[in-house]
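One structure coming up, written as structure tokens, with questions to follow.
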Amino acid sequence: MQVLFKNAMLYRDGVFLRGDVLASDGRLVFPVPGGVFPEAVVEDRSVAVFPGFADVHVHFREPGFSYKETIRTGSLAAARGGYTAVCPMPNLDPVPHDLDTLQQELSIIERDAVIRVIPYGAITRDEKGTVLADLEGMAPYVCGFSDDGHGVQDGAVMLRAMERAAAMGKPIAAHCEENDLLFGGYIHDGEYARVHGHRGICPESEWIPIARDAVLAGRSGCAYHVCHVSSAESVEIIRRAKARGVDITCETGPHYLVLNDGMLEEEGRFKMNPPIRAERDRLALLEGLKDGTVDMIATDHAPHSAEEKSRGLAGSAMGVVGLETAFPVLYTELVKPGIIELSRLVKLMSDNPRRRFGLAGEGDFCVWDLDAEYTVDPAEFLSMGRATPFEGRRVNGRCLLTVCAGREVFADASLKEGK
């Protein structure tokens, strides 16, 4: 299908160019030559063309938990959100901790994925935190190594993993959580937890392991990446580690940047790990976005069944979905109010994650109508997961088209109408 986007913004080499852009057979044409007769023309809309987004932290639940999500439904949801590369975490069944177990996931990806899906291998066997996985055997097929869902409690085990990963040039992506400091908590240890009688998770459970790992990363020379940063102290530890030359990067999620624990409701769609924290933490994360301490935004897309998310804050499973809402929420809440520039958001969602994890993206792009305004409705999601803290929120930005490796992987119905 050929679509001409009139007077669009085209992101190229970190800046925006303005003009007509033609999407033709999976390619972008700019500037548009004369004598072009497209099948559809989109005008009178604020259209922006970005490189395909990349999410280095998703859960597609297959193999092992396909009642929550599959690689096909997860990748379709990603395409609808403008993503053309995603990295699923290894908390699966079986856990991909050697080439045999990894191959089960790779086979499903090859068969069912509609975008680039590059998985993680586990750091330790069965993510138990004791015996190292076959890192060398998996290295050619993975984006890096992680025990996401579990913190590696033993510093000696983490150091050995870092040394081996460094020798292969692969990053370690760490879920930082000190088990001895959890105390059965499930939301932030703050005012909401105290007023409503909930058990809280303290920020120390996150930042103490980060401080430990930052030292080990400096010693080992490992490319070290911190998953789902949520606390102010974590941001400052990472900032200082960068200043002293440690090869460290980090991600945070849209919900940590937009919400605080004063906005919680007694519903499972507000429950994830780490939890939504206090306003001081949210502001520290925003400052980290601005000064480069926070390198990228990842959704931690973690679908569960409706029943698993129906038990309130105390009883629901940890995790929310985010691939289909990330850009609209962040554009609405961060770019439109002038907190960050649009070009900065694109770097956080595309340029930076691709560079850090070596993710291919040649020929990938997504097209957005920035003026489109609507209410987030989980019933419309392509993901099997429906739990999002942004349900019912008014947002701007609708994905019109996503192209991956020259193939159209998502097209909004309005394109066929040329509107």
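Given H placed 1.01 Å from N in the peptide plane, which residues other than close sequence neighbours of Val42 have an amide H under 5 Å from its amide H?
Leu4, Phe5, Lys6
So, one more: With every protein chain kept in the model, how would you rank Glu110, Glu191, Glu308 by accessible area, 1.4 Å probe, largest at the top?
Details: Glu110 155, Glu191 110, Glu308 30 Å².
Greatest to least solvent exposure: Glu110, Glu191, Glu308.
Å³ per residue of the Cα convex hull, for the chain?
Dividing the Cα hull volume of the chain by its residues yields 126 Å³.
Sequence-distant or interchain residues sharing an amide H contact under 5 Å with Thr124, placed H: which?
It is Gly129, Ala133, by chain and number.
Can you tell me the accessible area per residue over segment 1-159, all protein chains present, probe 1.4 angstrom, in square angstrom?
Heavy-atom accessible area per residue stands at 38 Å².
Please go through the residue pairs Lys68/Lys271; Lys290/Lys347; Lys242/Lys347; Lys68/Lys347; Lys128/Lys242 and name each one whose alpha carbons sit more than 21 Å apart in this structure.
Lys68/Lys347; Lys128/Lys242
Return the long-range amide H neighbours of Val58 (sequence gap of 5 or more, or a different chain), with a cut-off of under 5 Å between placed amide H atoms.
For Val58, whose amide H was placed from the backbone, the distant partners under 5 Å are Cys87, Met89.
Moving on to the next point. On alpha-carbon atoms, Rg over Rh for segment 15-174 using Kirkwood Rh?
Rg/Rh: 1.12.
If you don't mind, there's one more thing I want to ask. Once you order the gyration tensor axes a ≥ b ≥ c over the Cα atoms, which shape class does segment 323-384 get: rounded for a/c under 1.5, otherwise prolate or oblate by comparing a/b with b/c?
It comes out oblate by the Cα gyration axes.
Ok, one more. I'd like to compare 390-401, 372-383: which one has the highest average count of other Cβ atoms within 10 Å, and what's the full order after that?
The most tightly packed comes first, giving 390-401, 372-383.
Quick test of the membrane-span-like rule: which DSSP H helices of the chain reach at least 15 Å along their long axis (C-alpha atoms) with mean Kyte hydropathy at least -0.5? Show your work: numbers first, answer last.
On the way: long enough: 99-112 (19 Å, -0.47); 155-168 (20 Å, 0.70); 204-220 (24 Å, -0.09); 232-243 (17 Å, -0.17); 279-291 (18 Å, -0.79).
Counting only whole DSSP H runs, the qualifying helices are 99-112, 155-168, 204-220, 232-243.
As a test of understanding, state the convex hull volume per residue of segment 213-372 from its alpha carbons, in Å³.
Convex hull of Cα atoms, per residue: 140 Å³.
Can you check what the net charge comes to around Cys176, using other residues whose Cβ is under 9 Å from the Cβ of Cys176 (Lys, Arg +1; Asp, Glu -1)? If you can, show how the numbers build up before the last one.
On the way: positive: Arg212; negative: Glu177, Glu178, Glu206, Asp213.
Residues near Cys176 contribute -3 overall.
Could you let me know the centre-to-centre spacing of segment 366-419 and segment 95-161, using Cα atoms, in angstrom?
Their Cα centres are 31 Å away from one another.
Return the carbon/sulfur percentage of the accessible area of segment 54-108, one whole number, probe 1.4 Å, all protein chains in place. Please report the intermediate quantities before stating the final value.
Values: 710 of 1430 Å².
That share works out to 50 percent.
Suppose a student asked you for the relative contact order of the chain, using Cα pairs under 8 Å spaced at least 6 residues apart; what percent would you report? Don't skip to the answer; put the middle values down first.
Working: 1015 pairs, mean separation 79.8, N = 419.
Across the chain, relative contact order equals 19 percent.
For segment 9-93, state the semi-axes of the equivalent ellipsoid (square roots of 5 times the eigenvalues of the alpha-carbon gyration tensor), sorted largest first and rounded to whole angstrom.
Details: eigenvalues 248, 41, 20 Å².
Equivalent-ellipsoid dimensions as semi-axes: 35, 14, 10 Å.
Calculate for the chain the 222 nm mean residue ellipticity that helices alone would give, adding -39,500 (n - 2.57) per DSSP H run of length 4 or more and normalising by residue count, nearest 500 deg cm²/dmol.
-8000 deg cm²/dmol
Taking the Kirkwood radius as the inverse of the mean 1/r across Cα pairs, report the Rg/Rh of segment 156-240.
1.07
Still on this model: More than 25 Å apart: what percent of Cα pairs in segment 103-204 qualify?
Cα-Cα pairs of segment 103-204 separated by over 25 Å account for 37 percent.
Something else about it: Sticking with the crude label model, points 7 Å out along Cα→Cβ, report the distance from Glu236 to Asp44 in nm, one decimal please.
5.4 nm
Can you spot the aspartates and glutamates whose alpha carbon is less than 14 Å from Lys6's alpha carbon? Ignore those fewer than 8 places along the same chain.
Partners within reach: Asp20, Glu39, Glu43, Asp44, Asp369.
Another question, then. Report the percentage of all Cα-Cα pairs in segment 287-419 whose separation exceeds 27 Å, rounded to a whole percent. Don't skip to the answer; put the middle values down first.
Values: 2360 of 8778 pairs.
For segment 287-419, the fraction of Cα-Cα distances above 27 Å is 27 percent.
With the contact rule set at Cα under 8 Å and sequence spacing of 6 or more, what percent relative contact order holds for segment 95-136?
Dividing the mean separation by the residue count of segment 95-136 yields 47 percent.
Here's another thing I want to ask about it. Evaluated at 37 °C with a viscosity of 0.692 mPa s, what Stokes-Einstein diffusion coefficient in µm²/s does segment 135-288 have when Rh comes from the Kirkwood expression over alpha-carbon pairs?
Calculated translational D: 205 µm²/s.
Rank by packing, highest mean first: peptides 77-88, 240-251, 214-225, with packing defined as the count of other Cβ atoms within 10 Å averaged across residues.
77-88, 214-225, 240-251
The values are calculated or read from the model by the stated rules, or taken from the named source; none is laboratory data. Quick caveat: nothing in here was measured; it's all calculated off a predicted structure. Note that we place each Cβ from the backbone using ideal geometry, even for glycine, and neighbour counts take in every protein chain shown. These accessible areas exclude ligands, DNA and RNA; they are computed on the full protein's heavy atoms, side chains included. Shrake-Rupley method; radii C 1.70, N 1.55, O 1.52, S 1.80 Å.
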